[in-house]
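Derivation of every value follows stated rules applied to the coordinates shown; laboratory data play no part. All values reported here derive from a predicted model rather than from experimental measurement. Note: ideal-geometry Cβ built from the backbone for every residue, glycine included; neighbour counts use all protein chains shown.
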Amino acid sequence: MNNAFQGGCYCGDIRFEVSDIFDAGYCHCSICRRLSGAPAIVWASAPARSFRLTQGSPSMFRSSENWARYFCSTCGCGLFGRYSVAPTDRQDFVSFNPYILDNSEAVRPTVHIWYESKASYFDTIDDLPRFPEGVISHPSKRRSWRAPWE
Ligand SMILES: [Zn+2]
Ligand SMILES: [Zn+2]
């Protein structure tokens, strides 16, 4: 696999392997904030075909009409999300929590999304591109883009 990483939930019941990571960033949306208890989360994305569970079965719920989130029912660790119905008009991808990789700093954020929803007291001093909502340009079209794993 190209740039393959291993990861798993906090308790170790669920393990996965992912490769071809093409984007990563902060999400400031109200759903991520509420589910994590943090002012922002970090996500990373890979093609759905490049994300493979190697152990265990995560639980799932839909946090919005089209988005399914998977987590460990033993330790509660948030694992990944994907469209509940695979999109036909764009690449089907998995968005996962990069801090559950065995090398938790292997992937760095390259963008902010849902910046319009950012907590007013939360300061970000980086110069990463900021998108007001969740629809963003392809990473290769952004200025000074580097692969999140470089
Ligand atoms: Zn677990
Ligand atoms: Zn979010």
**Asked** Given R₀ = 25 Å, FRET efficiency for residue 122-residue 20 by Cβ-Cβ distance, to 0.05?
**Response** 0.20
**Request:** Rounded to the nearest 500, what is the 222 nm mean residue ellipticity of the chain from helices alone, with -39500 (n - 2.57) per DSSP H run of 4+ residues and division by all residues?
**Result:** -1000 deg cm²/dmol
**Prompt:** What do you get when you divide the Cα radius of gyration of the stretch 11-79 by 2.2 N^0.38 Å, with N the number of residues?
**Reply:** 1.15
**Message:** Let me check against my output: what whole-number percent is the relative contact order of the chain, with C-alpha pairs under 8 Å and at least 6 apart?
**Reply:** 26
**Message:** Please list, by residue number, every one of the chymotrypsin sites (Phe, Trp or Tyr not before Pro) in the stretch 1-54 that is coil in DSSP and has at most 16 other beta-carbon atoms within 10 Å.
**Reply:** 10
**Prompt:** Taking neighbour counts of Cβ atoms within 10 Å as a proxy for exposure, in what order, fewest first, do 17, 116, 105 appear?
**Reply:** 105, 116, 17
**Request:** Go from 0 up to the bin containing the longest alpha carbon distance in the chain, width 10 Å each, and give me the % of pairs per bin.
**Result:** 11, 41, 39, 9, 0
**Asked** Hey, in the GNM for the chain with a 10 angstrom Cα cutoff, which one of 42, 107, 135 fluctuates hardest?
**Response** 135
**Extension gain, residue 83 back to residue 66 (0.36 nm per residue minus Cα-Cα distance, nm)** = 5.6 nm
**Fill in**
Computed for the chain: size of charge dipole around the Cα centre, +1 on C-beta of each Lys and Arg, -1 on C-beta of each Asp and Glu, debye to nearest 20, value 200
**Request:** Work out how much length residue 34 to residue 54 would gain on full extension: take 0.36 nm times their residue separation and subtract the Cα-Cα distance, in nm to one decimal.
**Result:** 4.3 nm
